[in-house]
Amino acid sequence: MTDPGAVRFDPTDSAFLYDPYPTYRMLRESSPLHWHAPWEALVVTRYRDVDRLLRDKRLGRVMDGVEKRPPNPAHEPFDRIQAGSLLEIEPPDHTRIKQVVHDVFTPKHVRALADRIETLARTQADALATAIAEAGQADVITTFAEPIPVTVIADLLGVPEADRHQLLPWSKAIIGMFEPERTPESEAAAVDAARDFSAYLRHLAEIKRREPGDDLISRMVYVQAEDGTRISEDEIVANGILFLNAGHEAVVNVLGNGMKALLTHEDQLALVRADRELVPTAVEEMMRFDTPLQFFERFVLEPFTFDADDGSTHTFEAGTKLALYYASANHDPAVFAEPTVFDVTRSPNPHLAFGLGLHYCIGAPLARLELGRSVNALLDRFPNLQLAQEDFTYVPKNVFRYLTELRVRA
Ligand code: HEM
């Protein structure tokens, strides 16, 4: 074991942002529970530790009296959308709101969307083909990937087509606040987007109240009108924003990161082309190999002693912040044989890309359906899909990991 004091974890370093996996390996081996003073957080990188901590009810997303960031009245519009969001609350509120929305995301309900998703994926593959025919190459992310989950989640929530162009810029601005390395500018942009998005959703909820449709906003508005104790107007807005943002960000990012992996591993691409039954395991491997949401935070709600995977014992004080690195857990050799190898046949693949425990991704069945149909549509439409770039640029973020573009030719 190396001296943990000698371990260098600098999440602002450009080499780390380009490829964080060697650093995760070093942390797992030398300092698996690593105190990172600038974030005032314990960085947890081994699978078994992350897995056990995610299941532990003595950890949570919120803690009375513990502020995630210094209180700032200028952030009120942002804090308000956080306060009621499923992702940021614990039982009993979490249970109460999940009961209102749960049915919409069950595998059975989601399967009914398969034909619509299939058509969308094929339409976007045609759009990509047109763009490539015109310019010789095109960006898979903007031309193909983005419109698919944005359309699906906007349909599900009941956002009219004319308003959808606002969703991506609002979402991109809002996720900036989740980054530990945010700036005053990115904070201000997140607050502005939260204010505008909230005003828009209040207006949309008002329309749905008068003219309900078969969509999730209408359902939440209906439940509120029947029994205001089950969900409040602020909670409708907060969760509407959460679903609209979470419903597309990570799906697009998996398509970008994952198609890069597939196109740079020609043997794996050939395997999937030869046997489309491999698409589901290939999709899981895309999420494991280059995980779109690298870590999430938890707070210690009550003090306890934790026996870590490396044999060390830690006393967690109430209020301690943990950064649980799903991306590092997904590369832990204790669980994944040859973790740096991209293997589309990998099975089992118990990756943590969707999290675990109470906050496990409610959209996982929907995401899997969208990803499978999208990969198949690309392989069908382009028998010779190839990368048209050698250098890749990742957006300099720590929580969200995604490429600025992924240019292809056919
Ligand atoms: C491949 C795509 C996706 C990935 C990798 C992903 C990842 C995640 C992760 C890691 C969490 C847990 C966060 C935590 O531990 O604190 C989460 C929660 C969540 N996700 Fe996803 N997600 C994806 C797609 C979706 C989609 C399509 C939706 C659609 C609505 C969605 C909605 C949500 C919601 C609402 C939560 C909060 C659940 C709760 O707190 O109970 N996600 N997601």
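Scanning for something β-branched (Val, Ile, Thr), over 22 Å from the mean Cα position of the chain (by Cα) and closer than 26 Å to residue 270 by Cβ, does the stretch 297-315 turn up at least one residue? Before you say what the answer is, go through the steps one by one.
Keep residues of the stretch 297-315 that are β-branched (Val, Ile, Thr), which gives 300, 305, 313, 315.
Next, only the ones that are over 22 Å from the mean Cα position of the chain (by Cα) stay: 300, 305, 313, 315.
In the following step, the residues that additionally are closer than 26 Å to residue 270 by Cβ were identified as none.
The answer is no, given that none of the residues of the stretch 297-315 is β-branched (Val, Ile, Thr), over 22 Å from the mean Cα position of the chain (by Cα) and closer than 26 Å to residue 270 by Cβ.
Pull up the stretch 210-249, narrow it to residues that are surrounded by fewer than 21 Cβ atoms within 10 Å (Cβ to Cβ), small (Gly, Ala, Ser) and part of a helix (DSSP H, G or I), then point me to the one that is farthest from the ligand (Cβ to nearest atom).
Among them, the one singled out is 225.
Every residue, every condition in (1) closer than 21 Å to residue 181 by Cβ; (2) of a type in the set (Val, Ile, Thr); (3) at pLDDT below 95, yes or no:
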position: 3; (1), (2), (3): no, no, yes
position: 18; (1), (2), (3): yes, no, no
position: 23; (1), (2), (3): yes, yes, no
position: 26; (1), (2), (3): yes, no, no
position: 35; (1), (2), (3): yes, no, no
position: 38; (1), (2), (3): yes, no, no
position: 71; (1), (2), (3): yes, no, yes
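Quickly run through the stretch 350-364 and pick out the residues that are surrounded by fewer than 17 Cβ atoms within 10 Å (Cβ to Cβ), at negative phi and more than 7 Å from the ligand (Cβ to nearest atom).
Hit for the stretch 350-364 is 350, nothing else.
Please go through the stretch 119-133 and pick out each residue that is more than 18 Å from residue 383 (Cα to Cα) and of a type outside the set (A, V, I, L, M, F, W, C). Before the answer, list the steps.
The first filter runs over the stretch 119-133 and keeps only residues more than 18 Å from residue 383 (Cα to Cα), leaving 119-120.
119 - this is the single residue of the stretch 119-133 that is more than 18 Å from residue 383 (Cα to Cα) and of a type outside the set (A, V, I, L, M, F, W, C).
Only one residue in 285, 297, 302, 317 is free of Cβ contacts under 8 Å to residues at least 24 places away in the same chain and of a type outside the set (Ser, Thr, Tyr), so which one is that?
On the way: 285 fails: free of Cβ contacts under 8 Å to residues at least 24 places away in the same chain; 297 fails: free of Cβ contacts under 8 Å to residues at least 24 places away in the same chain; 302 fails: free of Cβ contacts under 8 Å to residues at least 24 places away in the same chain.
Of 285, 297, 302, 317, the one residue that is free of Cβ contacts under 8 Å to residues at least 24 places away in the same chain and of a type outside the set (Ser, Thr, Tyr) is 317.
For the stretch 294-306, enumerate the residues that are farther than 18 Å from residue 18 by Cβ and within 12 Å of the ligand (Cβ to nearest atom). If you could, list the steps in order and put the result at the bottom.
The initial filter retains those residues of the stretch 294-306 that are farther than 18 Å from residue 18 by Cβ, namely 296-306.
Selection gives 296, 297, 298, 299.
Please go through the stretch 92-125 and pick out each residue that is exposed (fewer than 12 other Cβ atoms within 10 Å of the Cβ) and of a type in the set (A, V, I, L, M).
Result: 112, single match.
Which one of 326, 394 is within 11 Å of the ligand (Cβ to nearest atom), closer than 25 Å to residue 47 by Cα, hydroxyl-bearing (Ser, Thr, Tyr) and surrounded by 17 or more Cβ atoms within 10 Å (Cβ to Cβ)? Spell out how you get there, then give the answer.
Details: 394 fails: within 11 Å of the ligand (Cβ to nearest atom).
The match here is 326.
Sort out which residues of the stretch 359-369 are closer than 17 Å to residue 286 by Cα and outside any loop (DSSP other than H, G, I, E, B), and write them in order of number.
Within the stretch 359-369, 364, 365, 366, 367, 368, 369 meet the criteria.
Let's see how each residue does on (1) surrounded by 19 or more Cβ atoms within 10 Å (Cβ to Cβ); (2) more than 30 Å from residue 92 (Cβ to Cβ); (3) touching a strand residue (DSSP E or B) at 6+ places or on another chain (Cβ under 6 Å); (4) charged (D, E, K, R):
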{"position": "146", "(1), (2), (3), (4)": "yes, yes, no, yes"}
{"position": "150", "(1), (2), (3), (4)": "yes, yes, no, no"}
{"position": "155", "(1), (2), (3), (4)": "no, yes, no, yes"}
{"position": "159", "(1), (2), (3), (4)": "yes, no, no, no"}
{"position": "190", "(1), (2), (3), (4)": "yes, no, no, no"}
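Going by what's in this entry, would residue 185 be described as within 30 Å of residue 39 (Cα to Cα) and surrounded by fewer than 15 Cβ atoms within 10 Å (Cβ to Cβ)? I'd like the intermediate steps shown before the answer.
Working: within 30 Å of residue 39 (Cα to Cα): yes; surrounded by fewer than 15 Cβ atoms within 10 Å (Cβ to Cβ): yes.
It is true that residue 185 is within 30 Å of residue 39 (Cα to Cα) and surrounded by fewer than 15 Cβ atoms within 10 Å (Cβ to Cβ).
Only one of these conditions is not met by residue 137: (1) farther than 18 Å from residue 82 by Cα; (2) loosely packed, with under 15 Cβ neighbours inside 10 Å. Which number is it?
(2)
Quick one: which residue in 86, 128 is within 12 Å of the ligand (Cβ to nearest atom), touching a residue at least 40 places away in the same chain (Cβ under 8 Å) and surrounded by 14 or more Cβ atoms within 10 Å (Cβ to Cβ)? Write out each step before concluding.
Working: 128 fails: within 12 Å of the ligand (Cβ to nearest atom).
Every option except 86 fails the conditions.
Would you call residue 163 of a type in the set (Asp, Glu), loosely packed, with under 13 Cβ neighbours inside 10 Å and either at pLDDT below 95 or under 15 Å from residue 370 (Cα atoms) (or both)?
Values: of a type in the set (Asp, Glu): yes; loosely packed, with under 13 Cβ neighbours inside 10 Å: yes; either at pLDDT below 95 or under 15 Å from residue 370 (Cα atoms) (or both): no.
Criteria not met by residue 163.
From 388, 364, grab the single residue that is of a type in the set (A, V, I, L, M) and more than 27 Å from residue 108 (Cβ to Cβ). Please lay out each step first, then the result.
Values: 364 fails: more than 27 Å from residue 108 (Cβ to Cβ).
Step by step, each of 388, 364 is checked, and only 388 is of a type in the set (A, V, I, L, M) and more than 27 Å from residue 108 (Cβ to Cβ).
Give 290, 310 a once-over and let me know the one that is more than 16 Å from the ligand (Cβ to nearest atom) and acidic (Asp, Glu). Break it down stepwise before answering.
On the way: 290 fails: more than 16 Å from the ligand (Cβ to nearest atom).
Answer to the selection: 310.
The values are calculated or read from the model by the stated rules, or taken from the named source; none is laboratory data. Since this is a predicted model, take the numbers as computed values, not measurements. FYI the Cβ positions are ideal-geometry reconstructions off the backbone, even for glycines, and counts take in every protein chain you see.
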